[in-house]
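The values are calculated or read from the model by the stated rules, or taken from the named source; none is laboratory data. Worth saying up front: this structure is predicted, and the values here are computed from it rather than measured. Methodologically, a virtual Cβ is constructed for each residue, glycine included, from the backbone with ideal geometry; neighbour enumeration extends over all protein chains shown. Calculation scope for accessible area: heavy atoms of the full protein, side chains included, ligands and nucleic acids excluded. Shrake-Rupley method; radii C 1.70, N 1.55, O 1.52, S 1.80 Å.
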Amino acid sequence: KTHSVYRNTTQMTMHFIYLIGGLVVLFIAGELLVSGAVRVAYKFKVSKLVVGLTVVSIGTSAPELFVSLIAALNGHPNIAIGNVVGSNIANIALIIGLTSVFFPLAVNKNLLRVDYPVMLGASFIFLLLYLFGSINKLAGIGLLVLLASYTFLLVRSSRKATKANDEVVPIRNSEFAKAIAFILLGAVGLYFGSNWFLSGATGFARMFNLSDEVIGVTLVALGTSIPELVTSLMAAFRKHGDIALGNIL
């Protein structure tokens, strides 16, 4: 019995180390990725709103992407789905709620006219696909095509509207090279961090007999939503409300 308690304690400690260590690596890697991506976006003359809607949002969602991908490849698709659902709940209820408590956010009219309906439409498409019982390769390709089309139209319209806008920040070639290095380092960190974080999360799930769905919607979703939370808080603190809201949408 004593040996069993010792083994369980050791396992719990290792799961905790993997969970926290992976989360720290995900946070640092996400910061590197976002920092580099924002500089690249400014290099190509897009507005802060579009940076938030595209580059920052994709960058801060990279932990969800990597964790869900690794979970699916390791035979835990319900963690992947739960992570997506739980992260969206956390993004709206936790991140917008907490950010607006400290820094009131002014809503850009473009968000209400275009991007908010797009967010609702994407959620509705996900619901329809989920009701069919499985999301296959064809559905995945269709979702990626929709995302690419939306991003392309968004960036094109922004470039037209901000050609002579003082929002655009000039980026030197040396800074651009540094930004690319940040993106690469961030991607590598996200890969390893997601593996460690998922290993700790699934370990805890097995120890406490939790289902993949529950662990995905709660622990994994909250953990992978930390980059969005930190990014939105920092953006709002720096008076970049467009980036904060665009990041969530």
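Couplings for segment 198-204, taken from phi via the Karplus curve 6.51 cos²θ - 1.76 cosθ + 1.60 with θ = phi - 60°, read 5, 4, x, 5, 5, x, 4 Hz in order; Gly and Pro are left as x. For the chain, the solvent-accessible area of protein heavy atoms averages 57 Å² per residue (probe radius 1.4 Å; ligands and nucleic acids excluded). Remark on Leu105: its backbone amide H falls under 5 Å from none of the residues 5 or more positions apart or on other chains, H modelled at 1.01 Å from N. Under a model in which nothing but the beta-carbon of Lys, Arg (+1) and Asp, Glu (-1) is charged, the chain shows a dipole of about 580 debye around its Cα centre. Close amide H contacts of Asn74 (hydrogens built in the peptide plane, cut-off under 5 Å, sequence separation of 5 or more or a different chain): none are found.
What's the local net charge at Ser68, with K and R +1, D and E -1, over the other residues with C-beta under 14 Å away? Show your work: numbers first, answer last.
Numbers: positive: none; negative: Glu64, Asp212, Glu213.
Spelling it out: positives minus negatives among the neighbours equals -3.
Calculated on C-alpha atoms, the gyration radius of the chain divided by its Kirkwood radius gives an Rg/Rh of 1.01.
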